[in-house]
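Notes follow once the structure below has been shown.
The values are calculated or read from the model by the stated rules, or taken from the named source; none is laboratory data. Predicted, not measured: the structure shown is a model, and the values here were computed from it. In this analysis, Cβ positions are derived from the backbone assuming ideal geometry, glycine residues included, and neighbour counts consider all displayed protein chains.
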Amino acid sequence: MLRKILLPSILGILGYGFWVSPDFKEIAAGVSIFLFGMLFLEDGFKSFTGGMLEKLLQKTTNKTWKSLLFGIVSTTIMQSSSLVSVITISFISAGLVTLVAGIGIIFGANIGTTTGAWLVAAFGLKVKISAYAMPMLVFGIVLSFQKSKYLKGFGSVLAGLGFLFLGIHYMKEGFEAFKDTFDLAALAVEGYPGLFLFAGIGVAATVIMQSSHATLVLILTALAASQITYENALALAIGANVGTTITAIIGSLSANIQGKRLAGAHLIFNAVTGIIAIAFIGQFVWAVDAISNRVGIAADNYTMKLAVFHTLFNLVGVIVMVPLIHRLADSLFKVFPEKAKDLAQPLYLSEAAIEFPETVLKALKKEVWHLFDSAFEIMAHGINLHRRQILKSTDLQKTIDEDREIHELDIDEVYERKVKVLYSAIIDFISNAQAQMPSIYSEEMFRLRKASAEIVECVKHVKHLRKNATRYMVSDNEHIRDEYNRLRYQVSMILREIYRLRGEGDYDHALGMLELDELKAEIQLEHRQLDERVTRILRNDQITAMMATSLLNDFNYVDETSRQLLDTAQALLVSHSDLVAEAAREVVLDKDEIEQASAA
Amino acid sequence: MKFSRLIDKVEKIADKYQQGDQVDSQKLTELQSLLGDKIARYQARLEEDMSEQKRDKLETRLKVVRAQLQKSQDLKKSS
């Protein structure tokens, strides 16, 4: 309902404003151009940084100070705390960064974003920046038409900055002209009522513009033109800080529970900081005056003093909140509890994860492992074994020989419910992600798609195997029973080995990949031995020709299942960031090499 | 330097940064040492008494590890 009324109301107010005041039109156009510049800047940084930002982010998870520093530096460089928040949410959603590290980054981003006020106050309002804006726009747009993605990214950053400067110029001009016809300062309200009123206006302006940066520039330009008082500007800045959390909250709507927790942390931090700033406004004003005096800022240079205030109260917020970071994370875990996981649904593929290439790959790999887990259970039951028997038995072959329990299972129904849903989600996610991913990730995406398809194929093979395996595992003919138990053993042994290797660290994954080659060669050996055994027991009339045919057909299913499971594991075990794994991938043998190596 | 050549150079540096070096020679050496240890371990186990079936399997595994070692040596030579 609110949404339906909000947009027409905003458009109506803007339209009325344009009609009564051409100066207001200029200010509004300035804000719009500024916001457009922010979009360009964010787009540029996204393509320009490639995977660098994500790689750096992954390294900031171990210490709170590193997370803080990352938040400060990245937001200072990109001048967008929203972009940093969105990246952090996407990483938390994909399970790559802990909530505590994410909160640290958000705290840092709050300090980083204050550098924008310094730049505008010190540079943007003193120099005729429109003179710089024009060439930047021209160069930026020309570069953004280039094929090279780096030039394109650089062009977007340049054009973004150009638009930001142009926006500031129009806001400045608008306020200069506006003060001749209408004095906003006359509306100033003294004391705490004024503080709350203007903080509220700051919140509303930031919610509407979706950028605290734009609000802050608007405040600074209005302050420079003496359209608002210094005290009211302080309150507006506090409000802008609280309002900016709305962007994070909107970003978290499509994220999973972890993303929502981070947005909650953002809101709590900014609200607490805002309350502290309002409660101790007198002390803050005194501290700002003292600092300004010490660093040589003139007593009447209110724009610079506002920048000092903005940095100071965010810094105080961080100092107060950092010791509470773990307690805050604990509370958020309680407020946003983990829902019981529906294992049939994708666990890692959120829309938030699709934003950045490294997140896409990591989330995808986790989801393919999840698909493997679901398939593992179906395959185990398909060959009439429990998952725990495969994983825990000390003598797997003996367990298989002795256990003759037949499991009730409708593979088609379980496949539809547990595998197809996940597989479809993975394919859908890949096709959506691929449109936005740089080409260097295509090979890895292809590998993961193939791995998912192979897992699904394996389930289908086991479905075919199940009919005869169930029939002959309880047969009185020990020869055919033994042979089918061998097939059951082969499938379960491979599932068990993959599960074991997966639990190892990155370094052992590299060796695990190579060990899987040995299993592939063992399967080839088994194939040759089976041919010999079948010929022998058939010749001795120990099995019928029908049994032999079934056995050879079913062995092909097992052979194919084993090979596909091992290929899948090799695709999933390789880690991008691990050089030993990269080297091991090059050493993995292909089909012909294995055949050659295992030949008698 | 021509502008297009400068762009090519920038792209190459960026690609190299993103993909990492093709195969790290030091890591290959590390891998070779591990494969060498594994070969020694398998050879020692073959000295022990075991069923013919187990022996066949172990010999097959040994052949695979030797092939991997050979491949890594070839890779190192060519890189």
- Query: What helices (runs of 4 or more DSSP H) lie completely within region A:520-600 and have 3 or more residues being in the same structural domain as A:Arg471 (by TED's automatic domain parsing), at pLDDT 85 or above and closer than 20 Å to A:Asn485 by Cα?
  - Reply: A:545-573
- Note on the structure: In the set A:Leu347, A:Leu391, A:Leu371, the lone residue that is among the hydrophobic types (A, V, I, L, M, F, W, C), in contact (Cβ under 8 Å) with a residue 24 or more places away in the chain and surrounded by fewer than 21 Cβ atoms within 10 Å (Cβ to Cβ) is A:Leu391
- Please enumerate the residues belonging to region B:22-71 that are acidic (Asp, Glu) and at the interface with another protein chain (Cβ under 8 Å from one of its Cβ atoms). B:Asp24, B:Glu30, B:Asp56
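Conditions tested, residue by residue: (1) surrounded by fewer than 19 Cβ atoms within 10 Å (Cβ to Cβ); (2) small (Gly, Ala, Ser); (3) in contact (Cβ under 8 Å) with a residue 12 or more places away in the chain.
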residue	(1), (2), (3)
A:Ala224	no, yes, yes
A:Arg261	no, no, yes
A:Ala287	yes, yes, yes
A:Ala290	yes, yes, no
A:Ala299	yes, yes, no
- Enumerate the helices (runs of 4 or more DSSP H) found wholly within region A:406-514, keeping only those where 1 or more residues are surrounded by fewer than 21 Cβ atoms within 10 Å (Cβ to Cβ) and at pLDDT 90 or above. A:421-434, A:442-472, A:478-502
- When residues of region A:361-390 are limited to those that are within 16 Å of A:Tyr499 (Cα to Cα) and among the β-branched types (Val, Ile, Thr), the one farthest from the chain's Cα centre (by Cα): A:Ile390
- Of all residues in region A:336-378 being among the β-branched types (Val, Ile, Thr) and under 21 Å from A:Ser431 (Cβ atoms), the one that is modelled with the highest pLDDT: A:Val368
- Please work out if A:Gly160 is closer than 30 Å to A:Leu324 by Cα, away from chain B (no Cβ under 14 Å) and either in contact with a strand residue (DSSP E or B) (Cβ under 9 Å, 6 or more places away or on another chain) or not hydrophobic (A, V, I, L, M, F, W, C) (or both). no
- Task: Please work out if A:Arg447 is out of contact with any Phe, Trp or Tyr (no Cβ under 9 Å at 6 or more places or on another chain), within 14 Å of another protein chain (Cβ to nearest Cβ) and among the basic types (Lys, Arg).
- Result: no
- From (1) under 41 Å from the mean Cα position of the chain (by Cα); (2) closer than 22 Å to B:Arg55 by Cβ; (3) within 12 Å of chain B (Cβ to nearest Cβ), pick out the condition that doesn't hold for A:Leu525. (1)
